[in-house]
1. Pick from TYR318, TYR305: which is open to solvent by 60 Å² or more (accessible area, probe 1.4 Å), aromatic (Phe, Trp, Tyr) and at pLDDT 95 or above?
2. Could you say whether any residue in segment 34-41 is open to solvent by 60 Å² or more (accessible area, probe 1.4 Å) and within 14 Å of the ligand (Cβ to nearest atom)?
3. Just to check your reading of the model, which residue among GLY239, GLY217 is over 17 Å from PRO394 (Cβ atoms), at pLDDT 95 or above and more than 13 Å from the ligand (Cβ to nearest atom)?
4. Considering only residues of segment 373-395 that are free of Cβ contacts under 8 Å to residues at least 60 places away in the same chain and closer than 16 Å to PRO207 by Cα, which is nearest to the chain's Cα centre (by Cα)?
5. Where in segment 127-212 are there strands (runs of 3 or more DSSP E), lying fully within it, with 3 or more residues that are closer than 30 Å to ALA392 by Cα and open to solvent by 10 Å² or more (accessible area, probe 1.4 Å)?
6. Residues of segment 137-168 being closer than 14 Å to VAL179 by Cβ, of a type in the set (S, T, N, Q) and either near the ligand (Cβ under 10 Å from one of its atoms) or in contact with a Cys (Cβ under 8 Å, 6 or more places away or on another chain) (or both), which ones?
7. Does ASP122 satisfy the condition of being touching a residue at least 12 places away in the same chain (Cβ under 8 Å), part of a helix (DSSP H, G or I) and surrounded by fewer than 19 Cβ atoms within 10 Å (Cβ to Cβ)?
8. Please go through segment 272-303 and pick out each residue that is in a loop (DSSP other than H, G, I, E, B) and either of a type in the set (Gly, Ala, Ser) or more than 20 Å from ALA249 (Cα to Cα) (or both).
Amino acid sequence: MPPDDLSMAAELRQRLAAQLAAGDWLRSPEWRAAVESVPRHEFLPRFYVELLDPGVTAWAPISPEIVQPAEWLAIAYSDQTLVTQFDERPLDWSSSEPVSNASPTSSSTLPSLVVRMLEDLDVHDGMTVLELGTGTGYSTALLCHRLGDRHVTSVETDADVARRARNALASCGYYPRLVTEDGRHGYVGPAPYDRTIATYGVRNVPPAWIAQTRPDGLIVTTLRGWMRSLGLVRLTASGDGRAEGPFIAADTSFMIARQQAAPSNMGVIPAPDEGKARETPYGPELLTMPDSGFVAQVVMPNARYFTMRDDDGTERTYVLDTENDSFAVLTAQAGGGWTVRQGGPHALWDDLEKAMALWHAAGSPPATGFGVTVTPDRQQVWLGSPDGPSWALPR
Ligand SMILES: C[S@@+](CC[C@H](N)C(=O)[O-])C[C@H]1O[C@@H](n2cnc3c(N)ncnc32)[C@H](O)[C@@H]1O
């Protein structure tokens, strides 16, 4: 890289660190030093940025071959998620054409979220960390800078992604323990770890992460469902297969663990005469509003929804449970209010209304008013305290 570009990259790093500190994402001098030192551009020789055009979602490729090196560097050091793989397939990096109709399957997460999670991990000198989701290797490099290579183990499920991360880390002089396998099994090798952190979302906490985290060690991960992300939890392991802790942020959204992606088939649309109808005060906004959407995701972990205009011209929202074919269909009433028609083994909307009543009684808190308890037998999301109302995470 020409010396001018190198000094530009160094300046952009300082600027990014200052921006992250001003936003209170970066709170400690040790992590600030890591952000100021680790060259994010080495992990992002090529990537895709989301285009903000209305209509179909598309991503444009960025590399020093496609745009001016200064532009590539400026984006590499901006606080945004940069995509490096779609649909689990290798990309044609020689193409300068945008990509659309594709789902990101690997990326370098936006730096503000990376550093807030690292700060939340509360590491101290000499600690060991298990990271799940190596991705580009950037967050792995930050961990290596902070704790030393010997104290960092990182697991990536995709062999091609893992190979690129290994090369990028080596080119920066970092040699952590890198493992290519399904991170749900963690990595027994140097366990127990002082800290465990996941940079992809999971539907439930893999028991291996708890078993491999030392008593009083911390696990920071995003829990998510098929409708939306639930948010970031910080759990304290207790050494007997249990872990417990609160949601510490609501707005963290990570791609789901590959092995837990939603089935492509959403289920069977119920016939117009199926199920039992009644009035309900709640419409589909319950599913889309941030806080009630969290409650809906907790109460209906296997459900997804869509709205469509039926043959009779009426717009209906279908909530379908992929696992057991329960359904709730919402239709607006002419004079205001809604009708819900439910069927299958679980009355989805009844369950949601009961949870809404408990949630309102507790003052309608955001995700940070909830927490999670994991035991060898069950995983529960609770409201307020571990003794409060609770709902099971999917197994
Ligand atoms: C958001 S990216 C990781 C970002 C990364 N930490 C960085 O700084 O570039 C999530 C990564 O998790 C990986 N992943 C998804 N499911 C996984 C699994 N079950 N085990 C290990 N890695 C997984 C994906 O392949 C992807 O590379």
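1. Values: TYR318 fails: open to solvent by 60 Å² or more (accessible area, probe 1.4 Å).
Going through TYR318, TYR305 in turn, the sole match is TYR305.
2. Step one: list which residues in segment 34-41 are open to solvent by 60 Å² or more (accessible area, probe 1.4 Å), which gives none.
Scanning segment 34-41, I find no residue that is open to solvent by 60 Å² or more (accessible area, probe 1.4 Å) and within 14 Å of the ligand (Cβ to nearest atom), so the answer is no.
3. GLY217
4. Going residue by residue through segment 373-395, those that are free of Cβ contacts under 8 Å to residues at least 60 places away in the same chain are 377-378, 380, 382-385, 387-390.
Among the residues that remain, those that are also closer than 16 Å to PRO207 by Cα are: 377-378, 380.
Details: ASP377: 24, ARG378: 22, GLN380: 19 Å.
The qualifying residue nearest to the chain's Cα centre (by Cα) is GLN380.
5. Details: elements: 129-132, 152-156, 177-180, 193-202.
Here the list reads 193-202.
6. THR140, SER154, THR157
7. Details: touching a residue at least 12 places away in the same chain (Cβ under 8 Å): yes; part of a helix (DSSP H, G or I): no; surrounded by fewer than 19 Cβ atoms within 10 Å (Cβ to Cβ): yes.
So ASP122 does not fit the description; no.
8. Restricting attention to segment 272-303, the residues satisfying the condition of being in a loop (DSSP other than H, G, I, E, B) are 272-275, 281-284, 289, 300-302.
Once the filter is applied, which keeps residues that are in a loop (DSSP other than H, G, I, E, B) and either of a type in the set (Gly, Ala, Ser) or more than 20 Å from ALA249 (Cα to Cα) (or both), segment 272-303 yields PRO272, ASP273, GLU274, GLY275, PRO281, TYR282, GLY283, PRO284, MET300, ASN302.
The values are calculated or read from the model by the stated rules, or taken from the named source; none is laboratory data. Note that the structure is a prediction, hence the values are computed from the model and not measured. All Cβ positions, glycine included, derive from the backbone under ideal geometry; neighbour counts span all protein chains shown. Accessible surface areas use protein heavy atoms only, side chains included; no ligands, DNA or RNA. Shrake-Rupley method; radii C 1.70, N 1.55, O 1.52, S 1.80 Å.
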